[in-house]
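These notes concern the structure reproduced below.
No lab work stands behind these numbers, since they all come straight from the coordinates. Because the structure is a prediction, the values reported are computed rather than measured. Using ideal geometry, Cβ is built from the backbone for each residue, glycine included, and neighbour counts are taken over all protein chains shown.
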Amino acid sequence: MSEIPVCRIVISSQIPPDEIESLETSLGMNKVKVQKSTNRVLGVDDLLVVATVVSGAAATAQLIDYSIKVAKAINHWRRKLREKGIEPKGELVNPKKSLSLDLSTATDEEVEEWLSQK
């Protein structure tokens with residue numbers, strides 16, 4: 001089995017730490033592996049979402065399933081933040097490209113589409 005980075009979630013440090021932990025917990029409950037970045041940047045928390053997949057043809061199907069789980073967890077987390085009056089400041093970053101998506105302005109569908117693009 002190999003590990004493949006799915007995305008980085010770069011979250012503003014203005015988001016309360018317990019809210020960031022709730023996203024990590026939600027992802028973990030969906031069997032999504034999250035690693036905190038060791039390269040800290042002032043003002044942000046950086047989570048790396050990693051898929052552990054079997055190599056070969058099955059890997060593509062596993063990555064699609066994984067991306068759906070990540071998108072659902074992120075969208076649920078953003079809804080909960082907004083219910084509490086907190087704007088979800090942050091972005092999704094593709095670890096292989098310079099593509100990013102603003103979590104405060106993206107729709108749920110845009111998050112799902114962004115994560116499904118590989």
Self-check item: Nonlocal amide H pairs with Cys7, under 5 Å, H built at 1.01 Å
Solution: Val49
Quiz item: How do the peptides 4-16, 82-94 rank, highest first, by the average count of neighbouring beta carbon atoms within 10 Å per residue?
Solution: 4-16, 82-94
Quiz item: In sequence order, what are the phi-derived ³J(HN,Hα) couplings for region 80-96 according to the Karplus relation 6.51 cos²θ - 1.76 cosθ + 1.60 with θ = phi - 60°, rounded to whole Hz, with x for glycine and proline?
Solution: 5, 4, 5, 4, 8, x, 10, 7, x, 7, x, 8, 9, 10, 6, x, 9
Quiz item: Going by alpha carbons, how many degrees (0 to 90, nearest 10) lie between the helix axis of 17-29 and the longest principal axis of the chain?
Solution: 20 degrees
Quiz item: Which cross-chain or sequence-distant (5 or more) residues have an amide H under 5 Å from the amide H of Gly90, H modelled 1.01 Å from N in plane?
Solution: Ser12, Leu103, Ser104
Practice problem: Report, in deg cm²/dmol and to the nearest 500, the calculated mean residue ellipticity at 222 nm for the chain, where each DSSP H run with n ≥ 4 adds -39500 (n - 2.57) and the sum is divided by the residue count. | Solution: -14000 deg cm²/dmol
